[in-house]
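**Q** Dropping a structure here in structure tokens format, bear with me for questions.
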Amino acid sequence: MIPKINVAYVHADDSMRQGLEKMRSHGYTTVPVISKEGICVGTVSEGDYLWYMVENGFPDMRRLEEVGISAIINTTRNPAVTIDVSPIELYSRITECTFVPITDDRGCFVGIVTRRAVLSYFRDKLSEYIADADVGD
């Protein structure tokens, strides 16, 4: 897991412009959205911004300072899981997205698990299995 301190995320009360600038500076296409209380409330992607701007006809970035990220949060696309999620459930969830937000028992955001980390975990497990099978021959 990548801990919260090392994860780019936005706050639900940030402006759309602040969110876009943070995503651009870090080079991410999707980031978690965190409430003031530290709760993971969803994710926001470049597509969420784009469709909001297309549907609302925003001609310039200054207008995006007036709209909060809360207007575009997607709460269903990539819901968080708790820290004790099983590897199989995590694998199932990561097939749909590039990261899974992780929360503690209170729902507070503690970090993310990336697709790369999950695939590496299962690669290592498979390698162990193959090595054990070779020893048994």
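The values are calculated or read from the model by the stated rules, or taken from the named source; none is laboratory data. In this text the structure is predicted, and so the values were computed from the model without any measurement. Note that each Cβ is placed from the backbone with ideal geometry, even for glycine, and that neighbours are counted across all protein chains shown.
**Q** Do we find a residue being in a loop (DSSP other than H, G, I, E, B), over 15 Å from residue 38 (Cα atoms) and β-branched (Val, Ile, Thr) anywhere in region 106-113? Explain how you work it out, then say what you get.
**A** So the first thing to find is which residues in region 106-113 are in a loop (DSSP other than H, G, I, E, B), and the list is 106-107.
Okay, now just the ones that are also over 15 Å from residue 38 (Cα atoms), so none.
Within region 106-113, none of the residues are in a loop (DSSP other than H, G, I, E, B), over 15 Å from residue 38 (Cα atoms) and β-branched (Val, Ile, Thr).
**Q** Name every residue in region 45-84 that is of a type in the set (Ser, Thr, Tyr) and free of Cβ contacts under 8 Å to residues at least 40 places away in the same chain, in order of residue number.
**A** Filtering region 45-84 for residues of a type in the set (Ser, Thr, Tyr) gives 45, 49, 52, 70, 75-76, 82.
Across region 45-84, the qualifying residues are 45, 49, 52, 75, 76, 82.
**Q** Do we find a residue being part of a loop (DSSP other than H, G, I, E, B) and at pLDDT 90 or above anywhere in region 44-58?
**A** Filtering region 44-58 down to residues part of a loop (DSSP other than H, G, I, E, B) leaves 57-58.
Among the residues that remain, those that are also at pLDDT 90 or above are: none.
No: zero hits.
**Q** To continue, here is another question. For region 28-39, state whether one or more residues are under 15 Å from residue 3 (Cα atoms) and without any contact (Cβ under 8 Å) to a residue 40 or more places away in the chain.
**A** Yes, that holds for at least one residue.
**Q** Give the number of residues within region 1-43 that are of a type outside the set (Val, Ile, Thr) and in a helix (DSSP H, G or I).
**A** Let us first name the residues in region 1-43 that are of a type outside the set (Val, Ile, Thr), namely 1, 3-4, 6, 8-9, 11-28, 32, 35-38, 40, 42.
Filter again for in a helix (DSSP H, G or I), leaving 4, 6, 16-26.
Count: 13.
**Q** Just a yes or no: is a residue in region 95-114 surrounded by 14 or more Cβ atoms within 10 Å (Cβ to Cβ) and of a type in the set (Lys, Arg)?
**A** No, because not a single residue in region 95-114 is surrounded by 14 or more Cβ atoms within 10 Å (Cβ to Cβ) and of a type in the set (Lys, Arg).
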